[in-house]
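Peer 1: Okay, handing you the structure first.
The values are calculated or read from the model by the stated rules, or taken from the named source; none is laboratory data. Everything quoted here is computed from the prediction, not taken from an experiment. We place every Cβ from the backbone using ideal geometry, glycine too, and count neighbours over all the protein chains shown.
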Amino acid sequence: MLFQHLRKGEKPLPPLRVLEKEADALRVIVGLGNPGRKYLHTRHNVGFDVLEVISQKTGVAAWRDRCKASVAEGLYKGEKIALARPQTFMNLSGVSVAALLRWYKIEPGHLLVVFDDIDLPLGKLRLRAEGGAGTHNGMRSIVEELGRQDFPRLRVGIGPKPEPYELADFVLSHYADAAERATQFDAFLRAADVALTWVGQGFDEARKVANATVGAIIDRPKN
């Protein structure tokens with residue numbers, strides 16, 4: 001199992017209270033994936049897996065249905081956060097994300113999307129402040145529904161695709177062995193650290209954390 005424990009010596013923080021009301025200062029971390037046991041811990045469910053680690057590390061774990069997503073709300077270092085796992089299936093992720101931004105009345109800069117990237121080697125990270133959707137259908141849906149692409153995103157590598165796999169079959173497959181699972185679990189821990197630094201200290205500090213992680217790739221928009 002991927003999530004039986006965190007790093008050696010780490011323990012989840014005690015549970016935090018659920019927010020009583022929404023606020024403009026809230027940060028929303030969306031992890032992309034497909035709902036259902038069939039897709040549990042598959043390569044395409046990186047976003048769900050990173051959110052599970054964040055939930056364990058922060059104690060934000062009172063999940064409920066909202067805006068076609070499974071959402072948990074709480075506090076992290078004094079900052080209000082919401083963790084969201086869209087339940088629309090990957091190709092319609094934007095329907096849920098757009099509804100969440102309307103519900104919380106936040107700007108896209110307060111949104112961080114975590115998802116898998118077939119073009120990055122297994123376990124590598126890429127943090128960007130904005131950009132296009134690339135080949136990822138979930139991100140395409142988000143960009144289309146929001147009508148903009150100026151929001152932070154954190155990619156976790158799942159590639160490269162081996163032959164003779166078809167792309168759809170590969171991204172929906174489980175990790176091949178214990179070594180791949182260990183590599184990816186470490187990536188989930190590092191991705192969670194980057195996301196929580198973004199919440200507490202902003203993008204520039206999150207960039208430093210991502211730079212310190214093994215194999216991370218950081219892109220900033222060009223001026």
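Peer 1: Within 17 Å of the chain's Cα centre (by Cα) and either at pLDDT below 95 or of a type in the set (D, E, K, R) (or both): does that describe residue 17? Reasoning before the result, please.
Peer 2: Details: within 17 Å of the chain's Cα centre (by Cα): no; either at pLDDT below 95 or of a type in the set (D, E, K, R) (or both): yes.
It is false that residue 17 is within 17 Å of the chain's Cα centre (by Cα) and either at pLDDT below 95 or of a type in the set (D, E, K, R) (or both).
Peer 1: Sticking with this structure for a sec: Restricting to the stretch 134-148, count the residues that are under 15 Å from the mean Cα position of the chain (by Cα) and assigned to a loop (DSSP other than H, G, I, E, B).
Peer 2: Here the count works out to 1.
Peer 1: Is it the case that residue 107 is surrounded by fewer than 16 Cβ atoms within 10 Å (Cβ to Cβ), under 21 Å from residue 194 (Cβ atoms) and either without any contact (Cβ under 8 Å) to a residue 24 or more places away in the chain or acidic (Asp, Glu) (or both)?
Peer 2: Working: surrounded by fewer than 16 Cβ atoms within 10 Å (Cβ to Cβ): yes; under 21 Å from residue 194 (Cβ atoms): yes; either without any contact (Cβ under 8 Å) to a residue 24 or more places away in the chain or acidic (Asp, Glu) (or both): yes.
So residue 107 fits the description; yes.
Peer 1: Another question, then. Hey, any hits in the stretch 149-156 for a residue that's among the acidic types (Asp, Glu), outside any strand (DSSP E or B) and exposed (fewer than 15 other Cβ atoms within 10 Å of the Cβ)?
Peer 2: Among the residues of the stretch 149-156, at least one is among the acidic types (Asp, Glu), outside any strand (DSSP E or B) and exposed (fewer than 15 other Cβ atoms within 10 Å of the Cβ), which makes the answer yes.
Peer 1: Any residue in the stretch 58-69 that is crowded, with 17+ Cβ neighbours inside 10 Å, out of contact with any Leu (no Cβ under 8 Å at 6 or more places or on another chain) and on the phi < 0 side of the Ramachandran plot?
Peer 2: The answer is no, given that none of the residues of the stretch 58-69 is crowded, with 17+ Cβ neighbours inside 10 Å, out of contact with any Leu (no Cβ under 8 Å at 6 or more places or on another chain) and on the phi < 0 side of the Ramachandran plot.
Peer 1: Six or more apart or on different chains, Cβ atoms under 7 Å: show the pairs whose first residue is in the stretch 163-179 and in a loop (DSSP other than H, G, I, E, B) and whose second is of a type in the set (S, T, N, Q).
Peer 2: 172/42; 173/42; 175/184
Peer 1: Mind listing whichever residues of the stretch 41-75 are more than 11 Å from the chain's Cα centre (by Cα), under 28 Å from residue 119 (Cβ atoms) and assigned to a helix (DSSP H, G or I)?
Peer 2: Once the filter is applied, which keeps residues that are more than 11 Å from the chain's Cα centre (by Cα), under 28 Å from residue 119 (Cβ atoms) and assigned to a helix (DSSP H, G or I), the stretch 41-75 yields 43, 44, 55, 57.
Peer 1: Only one of these conditions is not met by residue 170: (1) of a type in the set (Phe, Trp, Tyr); (2) surrounded by 13 or more Cβ atoms within 10 Å (Cβ to Cβ); (3) at pLDDT below 90. Which number is it?
Peer 2: The failed condition is (3).
Peer 1: Which condition does residue 95 not pass, out of (1) under 20 Å from residue 200 (Cα atoms); (2) in a helix (DSSP H, G or I); (3) hydrophobic (A, V, I, L, M, F, W, C), if it passes all the others?
Peer 2: The number of the failed condition is (1).
Peer 1: Among the residues in the stretch 114-132, are any buried (at least 24 other Cβ atoms within 10 Å of the Cβ), in contact (Cβ under 8 Å) with a residue 60 or more places away in the chain and either more than 21 Å from residue 184 (Cα to Cα) or of a type in the set (Gly, Ala, Ser) (or both)?
Peer 2: no
Peer 1: List the pairs whose first member sits in the stretch 81-95 and is free of Cβ contacts under 8 Å to residues at least 40 places away in the same chain, whose second member is in a strand (DSSP E or B), and whose Cβ atoms are under 9 Å apart, counting only residues at least 6 apart or on separate chains?
Peer 2: Going by the 9 Å Cβ cut-off, the qualifying pairs are 88/69.
Peer 1: Could you say which residue among 73, 107, 79 is modelled with pLDDT of 95 or more and acidic (Asp, Glu)?
Peer 2: Answer to the check: 73.
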